[in-house]
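Q: Sending over a structure as structure tokens; questions will come in a sec.
Every read-out reported here was derived from the displayed coordinates using simple, explicitly stated rules and does not represent laboratory data. Predicted model, so just to flag it, every value in this text is computed and none were measured. Every residue, glycine as well, gets a Cβ built from its backbone with ideal geometry; the counts of neighbours run over all protein chains shown.
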Amino acid sequence: METSNRLGLEKSPYLLQHKDNPVHWMPWGEEAFLRAAEEDKPVFLSIGYSTCYWCHVMDKDSFEQEDVAGILNEHFIPVKVDREERADVDKIYMDAVVSLSGRGGWPLTVFLTPDKNAFWGGTFFFKDQFKSILIQIHRAWELERERIVSSAITLREFLLEGREPEADTGEKAYYINRAFAELVKNFDGIYGGFRGAPKFPPSQQIAFLLRYSVANSGGDSEKAQNMAFQTLHSMANGGLYDHVGGGFHRYSVDEKWTVPHFEKMLYDNALLARVYAEAFQISGERKFSRVSQATLDYCLREMRSPEGAFYTAEDAGEVEREGGGYVWTLGELKDILSKQEFDVFSDNYDISEEGNFEANTCVLRRKREMISEEVEFILGACLLKLFESRDARVHPRKDDKVLVFCNALMISALCSGYQAFSKNHYLEAAKRSALFIKDHLWVEGALKRRYREGEVKYDAFLEDYAFFIDALISLYECDFNLEWLRFALRLQELQDCLFGDEKDGGYYFSCAKDIPFKKKDFVDGAIPSGNSMSFCNLLRLQSFFPDRDFGQKAQNVRLSLGRDFYRHPTAFSKILQGLQFELCGPKVYVLVGDPRDPEIFEMHKLLSSAFSPGRVLAFSSSEMPDEFIPITKKKYSINGLATLYICEGNVCGAPIVGLDNLRKLI
């Protein structure tokens, strides 16, 4: 039986990083577990991703070393998994490790029985400790097999325990207010965000707070807005934000947002660009506009393939040189900038001879908020010079695989950017990405997960379907092309069929056959969960198609959350946004007229540019009425002019004719 490293046959950038290891890695699959059973060995499972800095460290420290490889190859079946390609595998064993050790992260290190049950695990280990663990696990496998197998079965049963359902009280506002009170309690009033370090960008909590501020009045509304705006300012001023090139790094290692973990993820930047755009819509503040657009422009410049799809991530840097592509010495800054420019720059950015990062380097961090337009202009010129200088450096490694869920989040962000800033190229980029998915990842009537170098692989997961449905609805609301909405409906029907749990409600994350069991994912982490996004999608679809059962399906998702939602509602920020959508309306705006009429365009633009959590946009052509969308039926253009109907529930107000009348109303 072949005993060499098998990863060279894969397309995953992460797996290919390990193809030259002396470890006899195998990809996830039945072959590895059959070999484990035949050779009577446990499986050593290592899960990570290509831009994970500590994954690189463990690779160099352990997996490239012959002595470590010797132990792994002799006593274990080593399996490597790219968590972004096989998120279903990662979620199952992350839950297992958290249950065993109380903490999780990447690289994820797990030991399994040949029937895929975890019995021990952790995260990162340095070489000496890792070797000791391997030897101890091997001895236990030889001498205490019965205990190991029994504990693995017990852990599996614990992970399979269902969520205890909770009766629906119908008091949506209660849970929204309770979540707000919990966020107030945990808010960092000095630095923004929520207490503790490391600090991850809380995009979904900010989105919730923005909606809370609009839906409420008085002190709580002001408090919610202040919490959201302070956090957005602190992140944009700190080292988490790339002041030179735009976009955000993964997280801040300190509570002040000063020093980041330097990798850049497409999903983080998509979600943050969207909330900064929403903050601009509410406040009109230029800084929010500038940061949102710089983030979108970074993604278009650095993360887009020639075909229009978006890549997954950029690396943090080489081992022992993390952040090397982003930091500056004081001498470098003095050499690049003129004396006048340096004086202005040093007055506004936290730079010094000793630096604020390793080896006396500086992570750029803004220290002044209110500055004149003249100073802002000079700083812009300085940052442009730094960008040109930095562009000559070796660029961070890119994970150039295309994932559906990441692209879907980016499409939705670009739609938000188009609506907030009236930049047509954002909409065109969103449509190109969506068409790439349809052309390359829609295969034989189903979505696939990943595309790279012409290869399409893995059936898509719940999050791929849910996020892409959200993106398609957003595209329809931007250009009123019915094909987007038709495709969203088709995907929703397929999602219900593939992932739906008719008995207990909600959706399973994966329908793959090679995982030990199916699980549902509800908690919102760095990205919303597939169930949370599905809840919001179903509510939006119900607004377009009130004659269907989307609303009931949405409530089934909410009721399947179990008591965790009722005990800790802030862990379900996207579900809360769905509840806010319900409470704020939904309010359906139906435009009727000639699609070539400039007034239709301007009315659409005016409606889109305002922040309205419960808003749904639809269009009916006066020339060729289409009854595909029930809410557009019996809506007519008045005297051939651009006409707007605003409907709540089953009641529509008097038609509003023309742009001037709409402006008076708004």
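Q: Check Asp254: other-chain or 5+ apart residues with amide H under 5 Å from its amide H, H built from backbone geometry?
A: Amide H to amide H, under 5 Å and 5 or more residues apart or across chains, Asp254 pairs with Lys199, Val259.
Q: Quick check for you: which residues of segment 636-666 have the amide N under 18 Å from the point 7 Å beyond the Cα of Leu482 toward its beta carbon?
A: Counting only backbone N, you get 636-637.
Q: Sorted by average packing, counted as other Cβ atoms within 10 angstrom per residue and highest first, what order do 244-251, 177-184, 557-564 take?
A: Details: 244-251: 22.6, 177-184: 17.9, 557-564: 19.8.
Ranked by mean Cβ neighbours within 10 Å, highest first: 244-251, 557-564, 177-184.
Q: If I model a spin label as a point 7 Å beyond the Cα along the Cα-Cβ vector, how far apart are those points for His440 and Ser609 in nm?
A: Roughly 3.5 nm, to one decimal.
Q: Where in segment 586-619 does the label zone of Ser422 land, with the point 7 angstrom along Cα→C-beta and an amide N cut-off under 14 Å?
A: 598-610
Q: Here is a follow-up. Which order do the peptides 255-261, 607-613 take when ranked by the mean count of other beta-carbon atoms within 10 Å per residue, highest first? Don't skip to the end; give the middle numbers.
A: Details: 255-261: 21.6, 607-613: 17.6.
Per-residue mean Cβ counts within 10 Å order the peptides as 255-261, 607-613.
Q: Now a separate question. Roughly speaking, what % of Cα-Cα pairs in segment 77-126 are separated by over 12 Å, rounded to a whole number?
A: Working: 743 of 1225 pairs.
For segment 77-126, the fraction of Cα-Cα distances above 12 Å is 61 percent.
Q: Cross-link partners among lysines for Lys633, C-alpha distance below 21 Å, same-chain residues fewer than 8 apart left out?
A: Hits, sequence-local ones excluded: Lys587.
Q: How many lysine pairs are close in segment 390-461, with Cα atoms under 14 Å apart and the two 8 or more places apart or on different chains?
A: Numbers: Lys401/Lys448; Lys401/Lys457; Lys423/Lys431; Lys438/Lys448; Lys448/Lys457.
Qualifying lysine pairs in segment 390-461: 5.
Q: Would you be so kind as to identify which of Ala654, Gly525, Val43 lies farthest towards the positive end of the dipole of the chain, taking Lys and Arg as +1 and Asp and Glu as -1 on Cβ and the Cα centre as origin?
A: Ala654
Q: Still on this structure: Could you let me know the centre-to-centre spacing of segment 510-568 and segment 253-322, using Cα atoms, in angstrom?
A: First find each Cα centre; the distance between them is then 27 Å.
Q: Next up: Roughly how many Å is it from the Cα centre of segment 398-470 to that of segment 580-597, as a whole number?
A: Segment 398-470 and segment 580-597 have Cα centres spaced 25 Å from each other.
Q: Can you give the direction-averaged projected area of the convex hull of the alpha-carbon atoms in segment 7-160, in nm²?
A: Working: hull surface 32.5 nm².
Projected over every direction and averaged, the Cα hull of segment 7-160 covers 8.1 nm².
Q: Go through 225-236, 526-537, 188-199, 579-590 and give me the packing order, highest mean Cβ count within 10 Å leading. Before the final figure, lay out the partial values.
A: On the way: 225-236: 22.4, 526-537: 26.3, 188-199: 17.0, 579-590: 19.7.
Final packing ranking: 526-537, 225-236, 579-590, 188-199.
Q: If R₀ is 25 angstrom, what is the calculated FRET efficiency for the pair Ala526 and Arg321, using the beta carbon separation as r and rounding to 0.05? Each step should come with its number before you reach the end.
A: Numbers: r = 25 Å, r/R0 = 1.00.
Efficiency, rounded to the nearest 0.05: 0.50.
Q: Could you give the size of the charge dipole of the chain about its Cα centre, using +1 on the Cβ of each K and R and -1 on the Cβ of each D and E, expressed in debye and rounded to the nearest 20? Kindly include the intermediate steps, with their values, before the conclusion.
A: On the way: 80 positive and 100 negative charges, 269 e Å.
Rounded to the nearest 20 debye, it is 1300 debye.
Q: Let me ask you something else. Which residue, chosen from Phe544, Gly238, His24, occupies the Cα position most advanced towards the positive end of the dipole of the chain, where the dipole is computed from +1 (Lys, Arg) and -1 (Asp, Glu) charges on Cβ about the Cα centre?
A: Farthest towards the positive pole: Phe544.
Q: Residue by residue, what Karplus-based ³J(HN,Hα) values in Hz, rounded to whole numbers, does segment 68-82 have, using 6.51, -1.76 and 1.60 with θ = phi - 60° and x for Gly and Pro?
A: Result, ordered by residue: 5, 4, x, 5, 4, 5, 7, 10, 9, 9, x, 10, 10, 9, 7 Hz.
Q: Next question. Mind giving me the FRET efficiency for Ser346 and Glu453? R0 is 45 Å, r the Cβ-Cβ distance, nearest 0.05 is fine.
A: Details: r = 45 Å, r/R0 = 1.00.
Result of the calculation: an efficiency of 0.50.
Q: Which of the lysines could be linked to Lys172 by a straight reach, that is with a Cα gap under 17 Å, when you skip same-chain ones fewer than 8 residues away?
A: Lys553, Lys574
Q: Take Tyr174 and Leu559, extend 7 Å from each Cα along the Cα→Cβ direction, and tell me the distance between the two endpoints in nm.
A: About 1.6 nm, to one decimal.
Q: Taking amide hydrogens as modeled 1.01 Å from N in the peptide plane, which residues meet the under 5 Å criterion relative to Tyr349, leaving out close sequence neighbours?
A: Lys367
Q: For an R0 of 30 angstrom, estimate the FRET efficiency from the Cβ-Cβ distance between Phe517 and Arg548 and round to the nearest 0.05. Numbers along the way, then the final one.
A: On the way: r = 32 Å, r/R0 = 1.05.
So, using R0 = 30 Å, E works out to roughly 0.40.
Q: Would you mind checking segment 79-123 for residues with the amide N under 15 Å from a putative spin-label position 7 Å along Cα→C-beta of Ala37?
A: Hits in segment 79-123 for Ala37 at 15 Å: 113-117.
Q: Bin by bin, in steps of 20 Å, what percent of the Cα pairs in the chain do you find, going until the bin that has the longest distance?
A: Bin by bin from 0 Å, the calculated values are 17, 50, 29, 4, 0.
Q: Among the Cys residues of the chain, which have no other cysteine Cβ under 4.7 angstrom away?
A: Cys299, Cys362, Cys382, Cys406, Cys415, Cys478, Cys497, Cys511, Cys536, Cys584
Q: Of the options Ile371, Val344, Leu386, report the single residue whose Cα projects farthest towards the positive end of the charge dipole of segment 326-390 (beta-carbon charges: Lys, Arg +1; Asp, Glu -1).
A: Projecting each Cα onto the dipole axis, the largest value belongs to Leu386.
Q: Work the Kirkwood hydrodynamic radius out for segment 587-665: mean of 1/r over every pair of different alpha-carbon atoms, inverted, in Å.
A: So the Kirkwood estimate lands at 12.5 Å.
Q: Same structure, new question: Return the Rg/Rh ratio of segment 322-378 with Cα-based radii and a Kirkwood Rh. Mind dumping the intermediate values first?
A: Values: Rg = 11.7 Å, Rh = 11.9 Å.
Reported Rg/Rh (Cα atoms, Kirkwood Rh): 0.98.
Q: Between Glu354 and Arg301, what is 0.36 nm times their sequence separation minus the Cα-Cα distance? Round to one decimal in nm.
A: Numbers: separation 53, 0.36 × 53 = 19.08 nm, distance 3.27 nm.
Difference between extended and current length: 15.8 nm.
Q: Need the list of lysines near Lys256 for cross-linking: C-alpha distance under 23 angstrom, and skip anything on the same chain fewer than eight residues off.
A: The qualifying lysines are Lys185, Lys199, Lys223, Lys264, Lys287, Lys367.
Q: If you line up the long axis of helix 286-302 against the longest principal axis of the chain, both from Cα atoms, how many degrees apart are they, to the nearest 10?
A: 50 degrees
Q: Would you kindly state how much longer the chain becomes between Asp128 and Arg567 on full extension, computed as 0.36 nm times their sequence separation minus their alpha carbon distance, in nm to one decimal?
A: On the way: separation 439, 0.36 × 439 = 158.04 nm, distance 4.18 nm.
Difference between extended and current length: 153.9 nm.
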